Each structure stands twice: as structure tokens, then as C-alpha cells.
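To start, the structure under review is shown below, and the notes come after it.
FYI, it's all coordinate maths here, none of it is from the lab. What you are looking at is a predicted structure, and each value in this text was computed from that prediction instead of being measured. Here the Cβ is made from the backbone with ideal geometry for all residues, glycine too, and neighbour counts use every protein chain on show.
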Amino acid sequence: LLCIRYFLPFFLRKLQGKKSILHEKKWKKDTVYLYQLPGTAKMSSISPFCIKVEAFLRLHKIDFERRYSVWTRGSNGKVPFIELNGEEIADSALITTRLADHFKIQEYDNLSDANIGHMIASTVDQRTF
């Protein structure tokens, strides 16, 4: 029963070829709505990918609002995903790239710093599980 509740909306959207549903109908310009799994008393989320996106938002002082849900999923069927100016962006790596482009964030001063940062981010993303 839980599998049906979780997977059915995702597969129906894929079969129908529809775009993702916008969850925040009255969005504010340049406010990020972060959809993630709930956390604990000491963690904002139980997912390392959700924590990664939230840390990026906090580090760069981007206005965001959390939306906790166990059932809500992005167009790829996963969390985290964000809504920014009426557009859904799913997958933590795509989210951080899109936010950096949108808010014109330059994370590194030179190419070697960028390479080191990419190596660390890739290692953490690929090897945390």
C-alpha cells in the first residue's frame, strides 16, 4: 500500500508525459522553496542530499523556505527538489549549479580551487553511502 502511494503519482506523470506539478502556487520572486524529508531535533533533514542543498542555501545567504514532506517528490521521483520563480529543479547537484547560475555565485577565486572543490563535492556525493 505504501509503495502504491509513493510510486503511483510519479509513474502516472511519466506515462502521461506531463510536466511536474508546481506545489507553491503563490511563490515570491527569488525565494527558494526547498522540499525535503523531515529531520530530527538536531538535524534539519535525514537525507544527506537535502542537507547539502540547505547548507548551500545558508552559506550563500539565499532566501529559502523549507517544506517538509515524506510523500512529496520532485519530477524525478526523489527529494530534495526546489521551486524557484515557478520552476521546479530536482537533484541536489543540478540544484546547486542552477542556484549558482541564477544568483551569480562564484564559488572559487581560481581554477585550481574550483578543481579541488569539484573533487571534494564529487567524492562526498559518490561515497557517502
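In segment 60-102, how many residues are assigned to a loop (DSSP other than H, G, I, E, B), in contact (Cβ under 8 Å) with a residue 60 or more places away in the chain and surrounded by 12 or more Cβ atoms within 10 Å (Cβ to Cβ)?
In the first step, residues of segment 60-102 are kept if they are assigned to a loop (DSSP other than H, G, I, E, B); the result is 60-63, 69-80, 85-86, 91.
Then keep just the ones that are in contact (Cβ under 8 Å) with a residue 60 or more places away in the chain; that gives 71, 73, 75, 77, 86.
After this cut, where a residue has to be surrounded by 12 or more Cβ atoms within 10 Å (Cβ to Cβ) as well, the list is 73, 75, 77.
Residues in segment 60-102 being assigned to a loop (DSSP other than H, G, I, E, B), in contact (Cβ under 8 Å) with a residue 60 or more places away in the chain and surrounded by 12 or more Cβ atoms within 10 Å (Cβ to Cβ): 3 in total.
Need the failing condition index for residue 46 against (1) surrounded by 14 or more Cβ atoms within 10 Å (Cβ to Cβ); (2) under 21 Å from residue 125 (Cβ atoms); (3) hydrophobic (A, V, I, L, M, F, W, C); (4) over 12 Å from the mean Cα position of the chain (by Cα), just the number.
(1) is the only condition that residue 46 fails.
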